[in-house]
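Everything on this sheet refers to the single structure shown next.
Read-outs: derived from the displayed coordinates by stated rules, not from any lab. This structure is a prediction, so every number in the text was calculated from the model and none was measured. Here the Cβ is made from the backbone with ideal geometry for all residues, glycine too, and neighbour counts use every protein chain on show.
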Amino acid sequence: MGWALLVSFLIGAICALRVPVLIFALIVLVVMIAYAGVSYTNGSPLMHAIAWGFVFAVVLEAGYVFTHVLLHSFYTRRESDAEKRAPQQAQSKYHAD
């Protein structure tokens with residue numbers, strides 16, 4: 001089960017790069033319902049199946065959020081480094097400037 005959670009986290013992290021949040025939320029909902037349905041039909045108690053469906057949904061969303069936090073920290077650090085550098089003078093093509 002640990003590998004399934006790791007794979008779910010990685011799928012969420014990869015989806016964060018290209019999939020919009022609304023579409024990803026719908027994908028997570030489908031995955032949660034599908035896992036709960038398959039688990040219930042295989043003999044798991046209903047509450048157990050629903051609980052594991054929520055666990056997979058949370059892990060998928062955690063991967064999605066992790067990638068966004070990572071990208072946000074990368075871009076804010078890059079922007080703050082650019083502000084520390086001295087502003088460069090733009091070369092004008094007009095002689096009067």
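Which residue out of Phe54, Phe24 is assigned to a helix (DSSP H, G or I) and without any contact (Cβ under 8 Å) to a residue 40 or more places away in the chain? Steps first, please.
On the way: Phe24 fails: without any contact (Cβ under 8 Å) to a residue 40 or more places away in the chain.
Checking each option against the conditions leaves just Phe54.
Looking only at the stretch 22-53, which residues are surrounded by 13 or more Cβ atoms within 10 Å (Cβ to Cβ) and either on the phi > 0 side of the Ramachandran plot or under 17 Å from the mean Cα position of the chain (by Cα) (or both)?
Phe24, Ala25, Ile27, Val28, Val31, Met32
I need the full set of residues from the stretch 35-68 which are within 15 Å of Ser8 (Cβ to Cβ) and aromatic (Phe, Trp, Tyr), in order please.
Tyr35, Trp52, Phe54, Phe56, Tyr64, Phe66 - these are the residues of the stretch 35-68 that are within 15 Å of Ser8 (Cβ to Cβ) and aromatic (Phe, Trp, Tyr).
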